[in-house]
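We did not get these values from a lab; they are worked out from the coordinates using the rules stated. What you see is a predicted model, and the numbers here were worked out from it, not measured in a lab. Here the Cβ is made from the backbone with ideal geometry for all residues, glycine too, and neighbour counts use every protein chain on show.
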Amino acid sequence: MLRVAVVAGLAILMTGCCHCRSYQKKTRRPLTGTEWQLIQLGGETLQPREGSFTITLSAEEGQLSGVGSCNHISGPYKSDERRSLKIGPLASTRMACPDPKHEAAFLEALESATHYDMDGPMLLILSNGELRAVFQAVPAPTDPKAKSAK
């Protein structure tokens, strides 16, 4: 409950700041088609590891795909303009991972989602008002040819 109050307080502070709103608009990424990297799970901050704990939501197919600590995951999702979010059931490969505790918590947080919120490049997954997971948009890969053309 404290986390919800903190998030709500930050949201109120940020909505009153023109610079903050400008930053949020400039850095906001679309829910679908963006690769999201897990940075917080159940209140615990995680050190992002490239290629692990990521998700991508496909708009056309209504499918989520991603990777836990080492297993690939996939499954359906539904969302609407009111930011409701229902994920699952998720399927997962069954490799023995070095981080099984976080892997199970990651899947549980996704499948318990009831809605989401976005704050700039961050995606917040909530379950009945409780913050379950925070993701950060993974920067799109840059094309070296595009840089040399500038």
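Values as computed for the structure displayed
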quantity	calculated
Cβ crowding within 10 Å averaged over residues, with 126-139, 58-71 ranked highest first	126-139, 58-71
Hydrodynamic radius of the stretch 86-130 per Kirkwood, over alpha carbon pairs, in Å	11.9
FRET efficiency, THR114 to GLU50 (Cβ-Cβ, R0 22 Å, nearest 0.05)	0.15
Integer Hz, Karplus 6.51/-1.76/1.60 couplings in order for the stretch 92-98, x for Gly and Pro	9, 5, 10, 6, 6, 9, x
Separation in nanometres of the label points that stand 7 Å from Cα toward Cβ, at LYS78 and GLU60	2.3
